[in-house]
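The block underneath contains the structure these notes are about, expressed in structure tokens.
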Amino acid sequence: MGPAMSSVSAAHAAVARGRLDEPAPLLTAEGIVKSFGRRRVLDDVSLTVRAGEVVAIVGENGAGKSTLLRVCAGVERADAGQVRAEGRVGYCPQAPGLFDLLNADEHLALFAPALGLSRDQGLRAGRALLDELGFPVRDHSRSRALSGGSRQKLNLALALMGEPCVLLLDEPYQGFDHGTYVSFWEHVSRWRAEGMAIVIVTHLLTDAALVDRVVELAIPREAGPVAERGPR
Amino acid sequence: MTARRGTAAGRWARILVPAEMTGRELVRRRLALGLLTALPLAFYGALSGHSDRAEVTGGIAMAFSIAGASIFCALTARPVDQRLELAGYRPHELLLGRLLLLELFGLVVAGLFSVVMALGSGSAHAGALAAGLVLVAVTSVPFGLAVGALVPNELEGVLILIGVVGVQLTLDSTQIVAKLLPFWGSQRLLDYASGDVGSIGPAVVVDLGYALALLAAGAYAGRRRAPRGRMVSRRRPVTTGRD
């Protein structure tokens, strides 16, 4: 571990334990370095997530959690390091990337061609996901008129469209009420059972009990060994 | 479920659907659209009847509305574009879709202005007047998309728009500085329509060249921002769930 910033790849540890029957890694980030101006946010961070595994990334504000996720998604370029992903990656950003004046169906229709789906296929698949997440599918309000929770559900559904193998979620339950939050974790369990590799950035320590591994990122100045908290 | 990927219909959908959604967003900004259209009309109306520069001023001011709409369109789409590109769109498909829709919008505005100005001024060169207005529209969209792709925020974009169009408005088309600006060709055509100059010269070619260069700049900025920091294996793995 570098003196400025620590990270850990818990999956590396798992490999070191020599478990030959482990599912294949679907997401591998190696030696990720990222600076914004003179401020180094990520310093030699590695992360491997396997099929059917849920990993939480925790750390204080500014530790680079969202940056790591953005690098893994490919929307942020790392200064050094490499990310490999098997299959499609679904990315749910912290701030819902939505068009304010388009409604949910129009968003689904817009994403459909990108995923190789016809409009009807996209609407069918997207509405099914939205329904599953508890989004009022008959609500044709423009996205800026939706509640924070509904916007987040649409954000999540767009990430799930196209059946991704790797799902990257940046604090995905902002605005969710308690029932939706509980339901969200039930969905995560199901996606895990289907073999998806899931990375969730979170601030909530209660989430640690719901995931397989917790990877803690530290701010470079305060770097110490990154802690991997107990697997479930 | 992925039968359309790679088919002709699928390829067209990747351009036409972003165009359609851009159109839906645009028509829902009714107040902004009204103001953007009223602004150049106000420029024209203020000078019409007592200045021979009314057509040139109104025509070039039309760039405020079309380029303004393009800047806002590009800036609004920026946070979503990365997700769309991550989902599978290529940057040029999104750009082409928006270009298509905005050019259509620009041509509608140019048509409207052509009728208003032809009726208002009784220009002897109505064809040149219409061509000048179309050229403003054609150049404004790449200009707005390029500015929207290059600037960090709306304020900077609007200031650049006001600066470039404002300077072009104040200059005579024979001045060297005017020739360096993106709407010189349109200005020249509108000057010709007003009878201020005797020939058009390379006006159309210069403006179209400018438009292509601006489009290339916008495309370059879009490509630089596109997700590409990740190596993706196309092989879909067979997963077995948790061990």
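What about B:L171, is it out of contact with any helix residue (DSSP H, G or I) (no Cβ under 9 Å at 6 or more places or on another chain) and free of Cβ contacts under 8 Å to residues at least 40 places away in the same chain? No. Exactly one condition in (1) modelled with pLDDT under 50; (2) within 14 Å of chain B (Cβ to nearest Cβ); (3) over 18 Å from the mean Cα position of the chain (by Cα) is false for A:A4; which is it? Going through (1) modelled with pLDDT under 50; (2) within 14 Å of chain B (Cβ to nearest Cβ); (3) over 18 Å from the mean Cα position of the chain (by Cα) one by one, A:A4 breaks only (2). For the stretch B:108-126, the set of residues classified as farther than 21 Å from B:A67 by Cα, out of contact with any Leu (no Cβ under 7 Å at 6 or more places or on another chain) and in a helix (DSSP H, G or I) consists of B:L119, B:G120, B:S121, B:A126, listed by residue number. Among the criteria (1) within 26 Å of B:L100 (Cα to Cα); (2) touching a Leu at 6+ places or on another chain (Cβ under 8 Å), the one B:W184 does not fulfil is (2).
Condition check ((1) over 30 Å from A:L69 (Cβ atoms); (2) facing chain A (nearest Cβ under 9 Å); (3) of a type outside the set (K, R); (4) in contact with a Leu (Cβ under 7 Å, 6 or more places away or on another chain)) across all residues:
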{"position": "B:M21", "(1), (2), (3), (4)": "no, yes, yes, yes"}
{"position": "B:E25", "(1), (2), (3), (4)": "no, yes, yes, yes"}
{"position": "B:L31", "(1), (2), (3), (4)": "yes, no, yes, no"}
{"position": "B:A63", "(1), (2), (3), (4)": "yes, no, yes, no"}
{"position": "B:L75", "(1), (2), (3), (4)": "no, no, yes, no"}
{"position": "B:Q82", "(1), (2), (3), (4)": "no, yes, yes, no"}
{"position": "B:A87", "(1), (2), (3), (4)": "no, yes, yes, yes"}
{"position": "B:P91", "(1), (2), (3), (4)": "no, no, yes, no"}
{"position": "B:R98", "(1), (2), (3), (4)": "no, no, no, yes"}
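Within the stretch B:218-238, the presence of a residue that is touching a Phe, Trp or Tyr at 6+ places or on another chain (Cβ under 8 Å) and either in a helix (DSSP H, G or I) or at pLDDT below 90 (or both) is excluded. Within the stretch A:116-148, the set of residues being surrounded by fewer than 23 Cβ atoms within 10 Å (Cβ to Cβ) and facing chain B (nearest Cβ under 8 Å) comprises A:G116, A:S118, A:R119, A:Q121, A:A125, A:R142. Selection within the stretch A:71-102: residues that are more than 7 Å from chain B (Cβ to nearest Cβ) and more than 17 Å from the chain's Cα centre (by Cα). The member of this set that is nearest to B:W12 (Cα to Cα) is A:D100. Here's a check for you: in the stretch A:75-86, which residue that is surrounded by 21 or more Cβ atoms within 10 Å (Cβ to Cβ) and of a type outside the set (D, E) is farthest from A:R39 (Cα to Cα)? Selected residue: A:A85. Looking only at residues in the stretch A:103-113 that are at the interface with chain B (Cβ under 8 Å from one of its Cβ atoms) and touching a residue at least 12 places away in the same chain (Cβ under 8 Å), the one that is nearest to the chain's Cα centre (by Cα) is A:F111. Only one of the numbered conditions (1) of a type outside the set (A, V, I, L, M, F, W, C); (2) within 30 Å of A:A159 (Cα to Cα); (3) within 14 Å of chain A (Cβ to nearest Cβ) is not met by B:S70, and that is (3). Of the residues that make up the stretch A:115-125, is at least one touching a Phe, Trp or Tyr at 6+ places or on another chain (Cβ under 7 Å) and within 17 Å of B:R24 (Cβ to Cβ)? Yes. State all residues of the stretch B:40-61 that are surrounded by fewer than 18 Cβ atoms within 10 Å (Cβ to Cβ) and either within 14 Å of another protein chain (Cβ to nearest Cβ) or β-branched (V, I, T) (or both); if no residue qualifies, say none. Across the stretch B:40-61, there are no qualifying residues. Of the candidates B:T37, B:T7, the single residue that is among the β-branched types (V, I, T) and within 14 Å of another protein chain (Cβ to nearest Cβ) is B:T7. Between A:L158, A:L168, the distinction of being surrounded by 15 or more Cβ atoms within 10 Å (Cβ to Cβ), in contact (Cβ under 8 Å) with a residue 60 or more places away in the chain and either part of a strand (DSSP E or B) or among the charged types (D, E, K, R) (or both) belongs to A:L168 only. For the stretch B:114-133, filtered to residues that are among the aliphatic types (A, V, I, L, M) and crowded, with 19+ Cβ neighbours inside 10 Å, the residue that is farthest from B:F183 (Cα to Cα) is B:M117.
The values are calculated or read from the model by the stated rules, or taken from the named source; none is laboratory data. Here the structure is a predicted model, which is why all the values come from computation and not from measurement. All Cβ positions, glycine included, derive from the backbone under ideal geometry; neighbour counts span all protein chains shown.
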